[in-house]
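Heads up, the thing below is written out as structure tokens.
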Amino acid sequence: MATKSGFRRIPTRRDVLRILAVGGAAGIAWKMGLLGRSSASRPVERSRILMGTGVHLNVLGDDLEAAEAAADATLERMADLETLLSRHRDDSELTRLNRTGRLETASDALIEVLRTAERVSRLGDGAFDVTVQPVLDLYRGIAGPPSTLPGAERIERTLDLVDHRDVRIDGSTVALGRTGMRVTLDGVAKGFVIDSGVGALKERGFNDIFVEAGGDLVAGGTKQAGVPWRVGIRGPRPGVALQARFEASNRAVATSGDYMQPFTTDYAQHHILDPRTGRSAPDLASSTVSAPNAMMADALATLTMVLGPRRGRDLIEALPDCEAYFVSKNLDVTRTSGFEVV
């Protein structure tokens, strides 16, 4: 593992497969008429606020009553997970972990999300780190000139609380290894909640589905017989509503962007911090990642925003069944070899 001052090479494909084997917003233009309608099935649509963002379901099936029941049950399952994983709730497991530094009987959901986050941290040599929350807190409420940003000395002191290796899991016990450490799951939990919702729909026999939360999504099956869903990537700057389109079937997609929570009007300072430096990721305006599941897509979109276009592309190329589309600060595009636009 690297320290804050050292960067390691991008893992090879063999490294990636070995690491992954150890463990089991809105950047998507889903509202822009790209979903389409099935001529054979009537879609059921549901929306709800969860995890601090809007969650939207589209469920296609011949049995309207069953589809409505499945959609309602799915939102309830996702809401149950919010009570465990959301930083927006004072009573969530995550909030209690941050408040006390220890949970003796953590849920399976929290442990799974933390273990996935650790694997992604290892893939990116610490460029993804859920313990970055204390540094993010330094920037809270800032939206003005660079002079209002926290100074280098404050950031450096706070970085002493950032190290993913100090999140310790022993059975059902989760402990933070340093007093004052705090965890954010913003770059991974939303994807887990989406995947759980997809699982709930498939358990009830619905495969032609579209589940979206804050721009991260899973497109399951097709929007009509043999026709995949068509997804749009939002332009990261004003004046460009749609950056690109691509097709997705049984795929998860997530986008991270500097425009989602900017700290300065020029987007140079924003909420996606490099946890090794405490500074905003400098190179990319947005990163869109397609992956087999939403939790991995969510985390990889955040990670590659920090790594930048070259190292991000190299990493995604090494991962099985993953693709990416990056837009730089000056709007240059870099994409992996298998990312096809339409």
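Coordinate-derived values only; no laboratory data. All of these numbers come straight from a predicted model, not from anything done at the bench. Virtual Cβ from ideal backbone geometry, glycine too; neighbours counted across all protein chains shown.
Between the labelled values (i) 0.96; (ii) 1.76; (iii) 0.90, the entry that holds Cα Rg over 2.2 N^0.38 Å as derived from this structure is (i).
Here S172, S290 are placed in order of increasing Cβ neighbour count within 10 Å, fewest first, which gives S172, S290. With neighbours defined as other Cβ atoms within 10 Å of a residue's Cβ, the residues R313, R102 order from fewest to most as R102, R313.
For a footprinting-style exposure proxy, rank V113, V333 by other Cβ within 10 Å, fewest first. Could the numbers behind the result be given before it?
Working: V113 25, V333 14.
Fewest-to-most ranking of V113, V333: V333, V113.
Computed from the Cα positions only, the extents of the range 95-244 along the three principal axes stand at 57, 47, 26 Å, in decreasing order.
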